[in-house]
Structure formats: C-alpha cells, structure tokens
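*Asks:* One structure is given below, represented as structure tokens, and several questions about it will come after.
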Amino acid sequence: MSQSLSPTSAPDGERQVLHLLLVATRQQLAGQDLRTLLQLLRREDLGFEVSLEVADPRRQPELLELHRLLATPALVKLAPAPKQVFAGNPLSQRLQNWLPRWQQLAVVNALGIQAETIDMEANHSRRELQLEDQLLVLRQENEALIERIGVQERLLRMVAHELRTPLTAAKLALQSHRLGQIDERRYQEVVRRRLDDIEELSKDLLEVGTTRWEALFNPKRLSLGKLAAEAILELEKLWVGRSLRLITDIPADLPDVYGDERRLHQVLLNLLENAFKYTPEGGEVSLTLLHRTDQWVQLSVGDSGPGIPAGQQQQIFMDRVRLPQTADTTSGYGVGLSVCRRIAEVHGGRIWVVSEPGEGACFHVTVPVWTGQGQSALTKGHPGP
C-alpha cells in the first residue's frame, strides 16, 4: 500500500520541495512516533513544500533493497540532494534535528540561484554546507554497512543455533534405535520430521535478519494446548530418566489462539529445551497456559535453575549470553531467544522473563486469542504486565 500526503503550506511558489518517503507497516503507522512525525510534516512553517509518500514494505518489498533499508519504519529524504536515510525510532525526533540544517541549506541555495553575483564568503559557506552534508551521508552509509555486516554475523550464529535442535533430536533417535529403545518405525518417523524441520529452517533462516520477517508469518486458528503437548513429547529424551518434576497446567476450556503454528512450536521447543537444560537433578520445570484476558493467552515456562541476573534479563533476548554461574557447563541461552522475541512481536504479543538469581526463571509469552481475525488483522491491545 502506498499513498501520497501533501501538507497544507503557505502559498509560496519559490519554496523548495522536500520530497520524503516513509516506509512503514500499518501497525507502525499507528505508533506514537510516526503519528508525531506526520503531525510535524503537516505544519505550515517548515520552510518547504513537503511531498510525502507512504509505502508498506510488505506490498512494496523492492523498496527495501532499492534504498538499502535495514529496518522499518524508515524515512528517506529523496530531494533535495543528497539522499538521506533514517531508520528505527524515534524518527520524529531525528526529523526535528535535521530540519534546521535542511532549511539553512535551502536558504543558501536560493540565494545562490537568485543573485547574479555571490561574494566569496557566501559561496564558501554554501560549499562548506554541501561538503558537510556529503560527509554526514558517507558516515551514515558506513554505519549502515557496519550494521549489515553485524546482521550477517548474527544470522550465521542463528543458523547454527536453530539447526542444532533438529540435529540433536535426530542424533538422540539414532542412539535410542541402536540401543533397542525405539523400533524402526518410530526411528524413521523422528528422523523424517527432523529432516522436514531442517528443510523449513533452510528456507526462511536467511530472512530472519532482514526487515521482511513479517512476510514469513502465516497465522491461523489453532490449539495452543495441543501444540504444547506435542512439544513436551518431542523433548521427552531431555527429561525422562532424570529426577525432574514436570508440572503442566493446560486448562480444558482454553480458547484457541491466532498464530503461526510452526513459529509457536519453535518458541515452545526453545523455551522448554532451555528449561530442561538449566534445571539441575531433582529440580522442577513447569508449563502453564493461562487465558490472561479476553484478548491474550499467556504461555509460561518456568525452571528451578540458577536464575538470571537483573542486568541480563533484557540482553538475553538480543544476542548470545552465557550466564556467569553456568558458563563452565552450558553454552548459554544463545540466539534462540532473539528468535522467540521476534516471533512474539510479529504475533502482536511480547516475551519477558521473571527471575531472581538462585531461584530459577520463568519466561512468559503472550499470543492473541482467536476472534475470527483475517490474515492481516492482529488482536489489538497491550499484552504483558
């Protein structure tokens, strides 16, 4: 979807045109930052004839590559030159910071066009402004390239982490088959399902680090309780035979949810695998589903492990983290939690952790209740505490 917005401005035929492109989804346009930005552009005292085009990246994905956008929402200044790109939040504040500079350059350019003779000082000032702007644009492009390299590095770690789960399950099935613990039919079924998982991961992991994550989101009506039970059975090798206590609380009257089945299955496997990994012998792991409000079902996975320090409870959702008290025996939570975060967010929900060092951790995820939503309509509200 794209639309044009032409703010009302004072009649001034000599005003320079400020041509802007705002790349944002409908959900992003509803946010406070972009509403503030649009209100700012409708003012009459910007010093420009403002031309604003709004484009939805899901309908025009080619804009992401054309303007080398690493994230949305993004604001692109197309004219006057030089082109500039601003991504992330807060866009309204960044626009306010740059407007005075654009206005100053517009005045200098206008004087340069109207005057037949320009003294050396004015010419020098104009050239300085142009060079400074070019330098800022180069710095911005350099920062974008550095960020892109960082995205690729994180993507490689993510690929390695996400492929590990099905490969580990297949390896456990092979060991069980050799020991005679499962029959041939069960063994082939597990291996086939894990190979299917690897095939699906290979199709979309390359998209995880891009702004087109939402294009991989295929929500439908589904039973979260059934999905949770399947995840527990898949990971039975991690807890059966250990002196762990597994507690489940899945209400019989739990409403269906509106979500992507494979993505939510991925969240369940990741959270449960971490819980089993960090819970010591004799400990306790819990899985709870709660109809929290009319709009949200809350999924909670708790453990009785070492807990997570307060300073790391936000960080673990962003990148690989190794807890100091377990770093010698485990590989850390890994980038899997960053995948869980993005899956929760694309559902319109959120993920967070409640923990105290030495008292275990409990991860909570909110998923929208099925209320007859269409493909593009997510439950609105404020999930989480």
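The values are calculated or read from the model by the stated rules, or taken from the named source; none is laboratory data. Note that this is a predicted model, so its numbers are computed, not measured. Here the Cβ positions follow ideal geometry from the backbone for every residue, glycine too, while neighbour counts run over all protein chains shown. What goes into the accessible areas is simple: the full protein's heavy atoms, side chains included, and nothing from ligands, DNA or RNA. Shrake-Rupley method; radii C 1.70, N 1.55, O 1.52, S 1.80 Å.
*Asks:* Would segment 115-131 turn up any residue that is open to solvent by 50 Å² or more (accessible area, probe 1.4 Å) and either of a type in the set (Val, Ile, Thr) or modelled with pLDDT of 80 or more (or both)?
*Replies:* Looking through segment 115-131, at least one residue is open to solvent by 50 Å² or more (accessible area, probe 1.4 Å) and either of a type in the set (Val, Ile, Thr) or modelled with pLDDT of 80 or more (or both).
*Asks:* Can you give me the ranges of the strands (runs of 3 or more DSSP E) entirely in segment 239-327 with at least 3 residues that are surrounded by fewer than 17 Cβ atoms within 10 Å (Cβ to Cβ) and modelled with pLDDT under 90? Quick ask: steps written out before the conclusion?
*Replies:* Numbers: elements: 245-249, 257-259, 284-291, 296-303.
Correct list: empty, since no element meets the threshold.
*Asks:* Taking segment 57-89 on its own, how many of its residues are assigned to a loop (DSSP other than H, G, I, E, B), over 14 Å from Leu22 (Cβ atoms) and touching a residue at least 60 places away in the same chain (Cβ under 8 Å)?
*Replies:* Going through segment 57-89 one residue at a time, the tally reaches 5.
*Asks:* Hey, another quick one. Please count how many residues of segment 336-351 are β-branched (Val, Ile, Thr) and either closer than 14 Å to Tyr258 by Cβ or surrounded by 24 or more Cβ atoms within 10 Å (Cβ to Cβ) (or both). Full working, then the answer.
*Replies:* Step one: of segment 336-351, the residues β-branched (Val, Ile, Thr) are 339, 343, 346, 351.
Narrowing further to those that are either closer than 14 Å to Tyr258 by Cβ or surrounded by 24 or more Cβ atoms within 10 Å (Cβ to Cβ) (or both): 343, 346.
Residues meeting the conditions: 2.
*Asks:* Okay, moving on. What is the residue count in segment 5-62 for residues that are modelled with pLDDT of 80 or more and among the acidic types (Asp, Glu)?
*Replies:* 4
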